[in-house]
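Notes follow once the structure below has been shown.
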């Protein structure tokens with residue numbers, strides 16, 4: 001009689017039931033989910049610290065933290081094209097927008113790295129830190145875009161104030177001109193009549209004194 005099979009070699013399959021993943025696979029999947037969850041949590045913490053809340057950084061970075069990368073890129077592009085009232089905005093911000101798109105894709109690549117679960121803890125930590133670094137750099141880049149937009153708004157406001165001031169100065173000059181013109185037309189004839197009367201009276205008084 002042959003030797004009895006060892007217990008570890010026995011593989012009992014139940015008909016109609018698929019084989020379940022082993023403990024190693026389950027552990028790897030759990031590690032991957034834990035790391036992904038930690039990345040998302042850290043990114044949401046960064047977003048929560050942004051002030052003011054209603055800004056470009058909050059909108060774009062929230063989408064990236066939620067892994068909605070294509071949506072974040074689309075919103076960023078739409079924002080770049082949405083300021084026809086500031087023609088210089090696209091020219092000055094386009095390079096930064098392109099860099100922001102590259103950072104979004106870099107975050108996506110780090111978070112969805114193939115075989116992440118099979119990496120050792122050191123490699124996983126390295127990918128985690130690089131993803132967060134890209135996310136922080138994205139925040140800085142978006143802030144620069146916001147600064148450009150604010151600068152253009154201030155320049156537009158200053159030019160508007162200058163135009164308004166110039167308009168009111170012109171109005172004041174015109175009013176002054178017409179006021180002085182009308183005043184001179186009314187006063188100069190009256191003054192000449194008064195001087196003529198005074199000169200006639202003075203001449204009469206002199207003739208009387210001289211007995212002429």
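So which of 57, 83 is in contact (Cβ under 8 Å) with a residue 24 or more places away in the chain, in contact with a helix residue (DSSP H, G or I) (Cβ under 7 Å, 6 or more places away or on another chain), closer than 29 Å to residue 151 by Cα and not in a helix (DSSP H, G or I)?
Among 57, 83, only 83 is in contact (Cβ under 8 Å) with a residue 24 or more places away in the chain, in contact with a helix residue (DSSP H, G or I) (Cβ under 7 Å, 6 or more places away or on another chain), closer than 29 Å to residue 151 by Cα and not in a helix (DSSP H, G or I).
Scanning for something more than 20 Å from residue 55 (Cα to Cα) and surrounded by 14 or more Cβ atoms within 10 Å (Cβ to Cβ), does the range 84-93 turn up at least one residue?
No, the range 84-93 has no match at all.
Can you go through 137, 129 and tell me which one is surrounded by fewer than 18 Cβ atoms within 10 Å (Cβ to Cβ), modelled with pLDDT of 95 or more, under 27 Å from the mean Cα position of the chain (by Cα) and within 25 Å of residue 48 (Cβ to Cβ)?
After ruling out the rest, the residue left standing is 137.
Do we have residue 78 as at pLDDT below 90 and loosely packed, with under 12 Cβ neighbours inside 10 Å here?
For residue 78, the condition - at pLDDT below 90 and loosely packed, with under 12 Cβ neighbours inside 10 Å - is not met.
The values are calculated or read from the model by the stated rules, or taken from the named source; none is laboratory data. Since we're looking at a predicted model, the values are computed, not measured. Cβ coordinates were reconstructed from backbone atoms using ideal geometry, including for glycine residues, and neighbour counts include every protein chain displayed.
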